[in-house]
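Structure first, commentary second.
The values are calculated or read from the model by the stated rules, or taken from the named source; none is laboratory data. Computed from a predicted structure; not experimentally measured. Using ideal geometry, Cβ is built from the backbone for each residue, glycine included, and neighbour counts are taken over all protein chains shown.
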Amino acid sequence: MYDLFLLILLSFIGVFTLIAGIGGAPSVPSPKKVSDKMVKLMGIKKGRIYYDLGAGDARIVNA
């Protein structure tokens, strides 16, 4: 009985791992309100150079 449970559990985990591996992680962008507040807290000034290493959909770069 234990072996059957373990087989079902590992199969279940394997299927979802395979699906996640093929599809990749979902893109979950920050809400506009949050990205605006992040830019404000960073104290970004016009004319200076900044690097956004995790651009994603460039919300921070375009804020």
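Can you tell me which condition Ser35 does not meet? The list is (1) exposed (fewer than 10 other Cβ atoms within 10 Å of the Cβ); (2) in contact with a Lys or Arg (Cβ under 6 Å, 6 or more places away or on another chain), and all the others hold.
For Ser35, the exception is condition (1).
Under the condition of being among the hydrophobic types (A, V, I, L, M, F, W, C) and more than 15 Å from the chain's Cα centre (by Cα), which residue from segment 46-63 is modelled with the lowest pLDDT?
As a first pass, look at segment 46-63 and keep what is among the hydrophobic types (A, V, I, L, M, F, W, C): 49, 53, 55, 58, 60-61, 63.
Of the ones still in play, those that are also more than 15 Å from the chain's Cα centre (by Cα) are 49, 61, 63.
Values: Ile49: 83, Val61: 69, Ala63: 59.
Ranking the candidates gives Ala63 first.
Determine the pairs where a residue that is in a helix (DSSP H, G or I), located within segment 39-53, has a partner that is surrounded by 10 or more Cβ atoms within 10 Å (Cβ to Cβ) with Cβ atoms under 7 Å apart, the partner being 6 or more residues away or on another chain.
Val39/Ile60; Val39/Ala63
For segment 3-33, how many residues are hydroxyl-bearing (Ser, Thr, Tyr) and at pLDDT below 85?
Residues of segment 3-33 that are hydroxyl-bearing (Ser, Thr, Tyr), as a first pass: 11, 17, 27, 30.
Subset that is at pLDDT below 85: 27, 30.
Residues in segment 3-33 being hydroxyl-bearing (Ser, Thr, Tyr) and at pLDDT below 85: 2 in total.
Since Gly21 meets every condition but one in (1) in a loop (DSSP other than H, G, I, E, B); (2) under 19 Å from the mean Cα position of the chain (by Cα), which condition does it not meet?
Result: Gly21 passes all but (1).
Out of segment 1-27, which residues are surrounded by 10 or more Cβ atoms within 10 Å (Cβ to Cβ) and β-branched (Val, Ile, Thr)?
Hits for segment 1-27 are Ile8, Ile13, Val15, Thr17.
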